[in-house]
Ligand code: B12
Ligand code: SF4
């Protein structure tokens, strides 16, 4: 029986800041492949090793190996491609995910094909067609290559560069649920249970974000905001509960954007005994919505406050004010919801005085958690374009690094020291 292997190339680092979730991208593709009757297995490397992955792939013997990649996983993805080439030379190698979407050519040098953007329908259909016809890598041209959204193949004598797709709400409504069957849920739950006392996993309810923050890259879901039907979202939540989880991380870019959708979500969550957290914008909220979130089990929100300086927020094109942030923190705290805030310090064009305003705001607000990052010019962001395309190979080796990957006017050692001092002052608050 022809088979597809879907690899998520993250090997856990055990960094204090590591956050582990079963990767939804490969689970989503596995669900779609299953619906087409294609045998697929997810190889999540989180709790595995490179050597173990090699052995597991050999014993599975896939015809297609799909590897997911994003910033911080590039080296792993390319190393796995090299290993597959030498140990499974007859397998077709395909890359997809956020980084191949913005650097398709870089991945095409190591893979037979690259899928850019949302690949929910295009990649599974490509696999079904490929496996159904039994074609070999050199003869991909026998497939209807123009019909697979986001496909990029600049080699094998082909020049395929299909536009990416954003599935509409009607198409999303017909999607199967992600297939979470191949994950080591006991291991994920153990990590979460030890760290937080509850067992949390991620889910996506809405796709896309219409804002244009300068530092942000939205390579997959883009600017168009779409909602999954809540019936499917609740069915997925029950699937998650049956796997043993009792908490959700709603990973949407802008879950609080549509207040009517959020209100219906909150009504549907009532009585489900499932706590949840989400990212929230600082603007557009009202007290009634926030109270409804609390009643529906919302435990904590994560606010991208980014800066305590209005001038820096403008540089970031954040389209919120410092006052919006202060107001949002107050609304959530009054409703009894914990608030974590992300800040970016050392933005290109930012002064030391503006950075100090951010440290001061972080310490002045009644926050439950804070984190500081230096700007990372994410491929696909305006910042990346403006900095004159820094070294394409520059990559954070682990999550939450505080290292400039471009020439910055800010003294990095001063900034690290000030971040350390602010974190210490925050931890020492009464
Ligand atoms: C949840 C999430 C996390 C979680 C969980 C990651 C995980 N295990 O999945 C956590 C919190 C751990 C995390 C951490 C980081 N993340 Co993150 N994360 C996200 C988020 C919000 C949602 C991802 C998700 O679940 N999407 C839902 C699924 C269905 O979509 P998907 O994974 O994109 O998959 C689709 C396509 O990409 C494609 N696809 C995916 N894989 C494959 C494979 C093949 C073969 C094919 C054909 C197609 C394909 O098909 C899928 C269906 O359409 C995205 C933002 C976003 N909206 O995309 C950022 C995002 C992916 N993260 C990002 C970053 C930068 C990071 C960090 C480096 C941040 C940091 N400073 O530490 C770390 C790196 C961690 C690491 N593991 O190394 C960036 C990546 C940018 C880039 N160009 O690569 C994104 C896009 C956010 C952003 N704009 O900053 N992240
Ligand atoms: S940072 Fe958040 S609000 Fe800004 S563009 Fe990105 S997803 Fe949208």
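Just a few scattered comments:
- Computed over every Cα-Cα pair of the stretch 254-357 and binned at 10 Å starting from 0, the pair-distance distribution P(r) comes out as 15, 45, 25, 12, 3 percent.
- Placing a pseudo-label 7 Å from each Cα along the Cα-to-Cβ vector at residue 275 and residue 226 gives an inter-label distance of 3.3 nm.
- When 290, 191, 224 are sorted by how many other C-beta atoms sit within 10 angstrom of their C-beta, beginning with the fewest, the order is 224, 191, 290.
- Simple spin-label estimate for residue 158 and residue 373 gives 3.4 nm between the two label positions (7 Å along the Cα-to-Cβ direction from each Cα).
- Sorting 51, 142 by the number of Cβ atoms found within 10 Å of their own Cβ, with the fewest placed first, yields 51, 142.
- Residues 185, 156, arranged from fewest to most other Cβ atoms within 10 angstrom of their Cβ, appear as 156, 185.
- Equivalent ellipsoid semi-axes, the stretch 66-145, via Cα gyration tensor eigenvalues times 5, rooted, Å: 21, 16, 10
- To the nearest ten degrees, helix 185-196 and the longest principal axis of the Cα atoms of the chain are 10 degrees apart.
- Angle between the chain longest axis and helix 322-335 axis [Cα atoms, degrees, rounded to 10]: 90
- Length gained when the stretch residue 364-residue 190 is fully extended (0.36 nm per residue, less Cα-Cα span): 59.2 nm
- The convex hull drawn around the Cα atoms of the stretch 184-427, when projected onto a plane and averaged over every direction, covers 13.5 nm².
- Rounded to the nearest 10 degrees, the inclination of helix 50-60 to the longest alpha-carbon principal axis of the chain is 40 degrees.
- Label-to-label distance, nm, for residues given as residue 340 and residue 18 (7 Å Cα→Cβ offset): 1.6
- When Rg and the Kirkwood radius Rh are both evaluated on Cα atoms of the stretch 3-161, their ratio Rg/Rh stands at 0.94.
- For the peptides 306-316, 365-375, 5-15, the ranking by packing is 306-316, 5-15, 365-375, with the highest mean count of neighbouring Cβ atoms within 10 Å listed first.
- Helical content alone sets the calculated 222 nm signal of the chain at -11000 deg cm²/dmol, taking -39,500 (n - 2.57) per DSSP H segment of four or more residues and averaging over every residue.
- All C-alpha pair distances within the chain, sorted into 20 Å bins from zero, spread as 24, 57, 18, 0 percent across the bins.
- Counting DSSP beta bridges with both ends in the chain, the antiparallel % (nearest 5): 15
A short reminder: the numbers here are calculations on the coordinates, not readings from a lab. Quantities reported herein were computed from a predicted structural model and do not represent experimental measurements. Cβ atoms come from the backbone with ideal geometry, glycine included; neighbour counts cover every protein chain shown.
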